[in-house]
Amino acid sequence: MSASAAAVLGTSVPIVLAPMGGVAGGALAAAVSRAGGLGMIGAGYADTDRLAAELRIARGARVGCGFITWCLERDPRVLDVALDHHVAAVMLSFGDVGRFAARIRAAGIPLICQVADRDEAARVLDHGAQVIVAQGGEGGGHGARLRSTLTLVPEVCDLVRERGETVPVLAAGGVADGRGLAAVLALGAGGAVVGTRFAATAEATVSPAALQRMVRARGDDTLTTRVYDDVRGVNWPDGYAARALRSRFTDAWHRKGTGGVPVEHLQEATAQFRDGTRRDDPDTVLVHAGEAVGLIDRAESAATVVQLMAAEARCAIDALHQAAI
């Protein structure tokens, strides 16, 4: 990780765990941090009690917390839990960070802001972001899906430089091995925010069926959809959709054009989803995963993932140094 990013985040390896709600809990975050990266607990739609419980699980490890900004606006008390625990960093994604940025910085906690385009990057710089995460549309989970990591990362890096800022940029979306890590470093990023690869680890809070599906899936098996939001009753703002593994359930209910469940079938689809989730049915269960899922062929411990990615990146960079251009 670049010197400035390492100084801000206190890491020795240029890898940050994506704060995946319902997947990145205290155990996974602690494991990533202990391996030299920065583990981030995904607050997601969690309430104060749930977040406090995950922070207790991570006790003894230096971890951060990631929030869905528009959810945080509905219950700002969840942020109090993170600040009271003096977490290593707070990441805000998907919404206007202005309401919370000054408060996070006043607490002496690094503010990480995830963005999906250049204009959003400029806005978070105005609010004092200390680290920017440039999120490409290849990533799993929710996003705006407007840009690819390959082009967005260097554009955001250029913006930071043009403004005379020293804010480090991290890349998110499509990084699941050392080759991807080396690639985003070459683009100018100070490191990578990694989600899908860590979702397929022993410490992730995913079901056996979800883990099995990730190990077997390929990048072509993902799609962007609002189906799972519809059946869970999660009303994301317009402009966002989630990348997940395609399944018989999505094939049955994904409506082209809107990407969601037809209103007249919502009750039926919701009942089917709840039943399938209860049974951990692999043809129904929600598996948020990015295109990089095709690079995963087995579940590992989080520490092993960190170590392998770092070693592979070093090899890739060394090979580039030796290549004739």
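A few remarks follow.
- Some residue of segment 153-166 being at pLDDT 95 or above and among the small types (Gly, Ala, Ser): no
- Flag if Gln267 is polar (S, T, N, Q), outside any loop (DSSP other than H, G, I, E, B) and assigned by TED's automatic domain parsing to the domain that holds Asp229: yes
- Output for segment 109-123, where each listed residue is free of Cβ contacts under 8 Å to residues at least 24 places away in the same chain and over 22 Å from Val8 (Cα atoms): Asp119
- Residue count for segment 291-307 under the criterion of being at pLDDT below 95 and surrounded by 12 or more Cβ atoms within 10 Å (Cβ to Cβ): the result is 2.
- Cβ-Cβ under 7 Å pairs, at least 6 apart or on other chains, segment 1-13 side modelled with pLDDT of 75 or more, far side surrounded by fewer than 17 Cβ atoms within 10 Å (Cβ to Cβ) and not hydroxyl-bearing (Ser, Thr, Tyr): Thr11/Gly36; Ser12/Gly36; Val13/Gly36
Residue-by-condition table, conditions (1) acidic (Asp, Glu); (2) touching a residue at least 24 places away in the same chain (Cβ under 8 Å); (3) closer than 30 Å to Gly37 by Cβ:
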{"residue": "Asp251", "(1), (2), (3)": "yes, no, no"}
{"residue": "Arg278", "(1), (2), (3)": "no, no, no"}
{"residue": "Asp283", "(1), (2), (3)": "yes, yes, no"}
{"residue": "His288", "(1), (2), (3)": "no, yes, yes"}
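- Subset of segment 32-59 [small (Gly, Ala, Ser) and either within 22 Å of Gly190 (Cβ to Cβ) or outside any helix (DSSP H, G or I) (or both)]: Ser33, Ala35, Gly36, Gly37, Gly39, Gly42, Ala43, Gly44, Ala46, Ala58
- Subset of segment 295-325 (residues that are among the polar types (S, T, N, Q) and within 25 Å of the chain's Cα centre (by Cα)): Ser301, Thr304, Gln307
- Scanning segment 270-292 for residues that are assigned to a helix (DSSP H, G or I) and touching a Gly at 6+ places or on another chain (Cβ under 9 Å) gives Thr270, Glu291, Ala292.
The values are calculated or read from the model by the stated rules, or taken from the named source; none is laboratory data. Since the model is a prediction, treat every value here as computed from it, not as a measurement. As a convention, Cβ positions derive from the backbone with ideal geometry for all residues, glycine included, and neighbour counts pool all protein chains shown.
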